[in-house]
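Beneath this line is the structure, given in structure tokens, with notes to follow.
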Amino acid sequence: MNHAASPHIPVLLDAVLDALRVADRAGGQYVDGTLGAGGHAAAILSAVPNARLLGLDRDPAALALARERLAPFGDRATIRHTSYEQIGDAVAAWSGSETAAVDGILLDLGISSMQVDDPARGFAFMHEGPLDMRFDPSSGGLTAADIVNTWQAEDIADVLFRYGEERHSRRIARAIVAARPLSTTRQLAEVIAAAQRGPRQKIHPATRSFQALRIAVNDELGAVERVLPAAIDCLQPGGRLAVISFHSLEDRIVKQTLKDEATDCICPPRQPVCTCDHRARVTLVTRKPLQADAAEIAANPRSRSARLRVVERL
Ligand SMILES: C[S@@+](CC[C@H](N)C(=O)[O-])C[C@H]1O[C@@H](n2cnc3c(N)ncnc32)[C@H](O)[C@@H]1O
């Protein structure tokens, strides 16, 4: 892995530590569902002297870096190779209890700098690499190559439109099918760029399509929908969930799900009598998402699109 080139800088670090109220604590149980290189996790463990932390990630390469980073904390840090969707089982096994007992959970969604910068992972159109894009290459699951080389044009267009909000989705999908077989990221990026006419855009013409393929390969939006209620299940009363998202599709799901979780009745507004029996499980700590300030954006341009939302278990 080519991680030496750009180590991942944890985004909104102070805001996350505030959100999880680490300054008030001397101990407690924390879960980092997206451990990555362990930047946020190390900061939580440093700030709370007797805290224990469970870190999860789908990416074995990220876990190897986190293991090194968290070694100084000894058995206060536990690392598991699993999807955050399995947070309930992972927490039960770690805490030895079925009852919700976690004080703080962080989900820093999406991709890390190390993953983007490693050509072998196939996430970046700027590097030559295989069309992979799996967060967990050991999973044997769907790859970007499977999508571009075997799916029908309409299904590819659907992915590009839904997950990349790509206006030229149909034209790009037809060009991809015509160019088969595709085996590398550069080849794909060139096909995508050539399929788009019109004025030069501010971003590379393959940006949206690469984002869309990555989301589809990893079922990222489905995973976010599933993890939020499962994470809230794990929190003890007063425990907090902090979620950082990096694009509007993700943030929309986080915003709506957390709003529903903070609302007693979620029946359609015109329905005269409640039939949903839904009860709020959390309060919203942030009504508007927290964002990086100018200094953080200057130091870490990746933080520009980060949005942090926080809820507290009732
Ligand atoms: C933005 S990075 C996290 C960086 C981390 N907060 C740090 O400070 O180094 C996101 C991480 O989430 C992981 N990830 C993505 N989907 C996941 C899932 N469903 N379950 C667990 N980890 C996931 C990625 O592999 C990546 O390492």
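The values are calculated or read from the model by the stated rules, or taken from the named source; none is laboratory data. From a predicted model like this one, the values you see are computed outputs, not experimental measurements. FYI the Cβ positions are ideal-geometry reconstructions off the backbone, even for glycines, and counts take in every protein chain you see. Protein only, heavy atoms only, side chains kept; ligands, DNA and RNA dropped before computing areas. Shrake-Rupley method; radii C 1.70, N 1.55, O 1.52, S 1.80 Å.
Data table
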{"quantity": "Compactness index (Cα Rg / 2.2 N^0.38 Å), the chain", "calculated": "1.04"}
{"quantity": "Extension reserve of the Ile297-Thr283 stretch, reckoned as 0.36 nm per residue once the Cα distance is removed", "calculated": "2.1 nm"}
{"quantity": "Prolate/oblate/rounded call for segment 147-204, Cα gyration tensor, a/c under 1.5 rounded", "calculated": "oblate"}
{"quantity": "Euclidean distance of C-alpha centroids, segment 13-43 and segment 248-313, integer Å", "calculated": "19 Å"}
{"quantity": "Computed FRET value (nearest 0.05) for Asp155 with Ala194, which takes r as the C-beta separation and R₀ as 30 Å", "calculated": "0.90"}
{"quantity": "Rounded to the nearest 10 Å², the accessible area of Asp219 at probe 1.4 Å", "calculated": "70 Å²"}
{"quantity": "Helix-only CD estimate at 222 nm, as mean residue ellipticity for the chain, using -39500 (n - 2.57) per DSSP H run (n ≥ 4)", "calculated": "-11500 deg cm²/dmol"}
{"quantity": "Estimated FRET transfer efficiency when R0 is 35 angstrom, pair Arg167-Asp146 (beta carbons, to 0.05)", "calculated": "0.90"}
{"quantity": "Among Pro237, Pro49, Pro199: highest mean-square fluctuation, GNM of the chain, C-alpha pairs under 10 Å", "calculated": "Pro199"}
{"quantity": "Stretchable slack from Asp89 to Ser138, in nm (0.36 nm times residue separation minus alpha-carbon distance)", "calculated": "15.6 nm"}
{"quantity": "Distance (nanometres) between label positions extended 7 Å along Cα→Cβ at Ala47 and Arg76", "calculated": "1.4 nm"}
{"quantity": "Net dipole in debye of segment 152-205 [+1 Lys, Arg Cβ; -1 Asp, Glu Cβ; about Cα centre; nearest 20]", "calculated": "280 debye"}
{"quantity": "Candidates per trypsin sites (Lys or Arg not before Pro) in segment 234-314, loop by DSSP, up to 14 other Cβ within 10 Å", "calculated": "Arg270, Arg279, Arg287"}
{"quantity": "Approximate spin-label separation Lys259-Asp219, in nm, with each point projected 7 Å along Cα-to-Cβ", "calculated": "2.7 nm"}
{"quantity": "Cβ charges +1 (Lys, Arg) and -1 (Asp, Glu), total dipole of segment 64-223, debye", "calculated": "900 debye"}
{"quantity": "Evaluated at q = 0.13, 0.16, 0.19 Å⁻¹: base-10 log I(q)/I(0), Debye formula over Cα of segment 30-148", "calculated": "-0.54, -0.76, -0.98"}
{"quantity": "GNM result for the chain, Cα springs below 10 Å: residue of Val243, Val48, Val102 fluctuating most strongly", "calculated": "Val48"}
{"quantity": "Dipole of segment 235-314 [Lys/Arg +1, Asp/Glu -1 at C-beta], most positive-end residue of Thr286, Ile297, Thr257", "calculated": "Ile297"}
{"quantity": "Dipole of the chain, positive end: most advanced residue of Ala124, Val191, Ile105 [Cβ charges, Cα centre]", "calculated": "Val191"}
{"quantity": "Loop-located trypsin sites (Lys or Arg not before Pro) in segment 121-216 whose Cβ has at most 13 other Cβ within 10 Å (DSSP)", "calculated": "Arg167, Arg197, Arg200, Lys202"}
{"quantity": "Tensor-based shape of segment 24-93 (alpha-carbon gyration tensor, a/c under 1.5 rounded, otherwise prolate or oblate)", "calculated": "oblate"}
{"quantity": "GluC sites (Glu not before Pro) within segment 146-181, DSSP loop, no more than 15 other Cβ atoms inside 10 Å", "calculated": "Glu165"}
{"quantity": "Per residue accessible area of segment 126-284, 1.4 Å probe, in Å²", "calculated": "51 Å²"}
{"quantity": "The chain - share of DSSP beta bridges that are antiparallel (%, nearest 5)", "calculated": "35 percent"}
{"quantity": "The chain, dipole about Cα centre (Lys/Arg Cβ +1, Asp/Glu Cβ -1), debye to the nearest 20", "calculated": "940 debye"}
{"quantity": "Ile203/Ile266 FRET efficiency (R0 41 Å; Cβ-Cβ; nearest 0.05)", "calculated": "0.65"}
{"quantity": "Candidates Ala43, Ala194, Ala206, ranked by Gaussian network fluctuation over the chain, Cα under 10 Å, top entry", "calculated": "Ala194"}
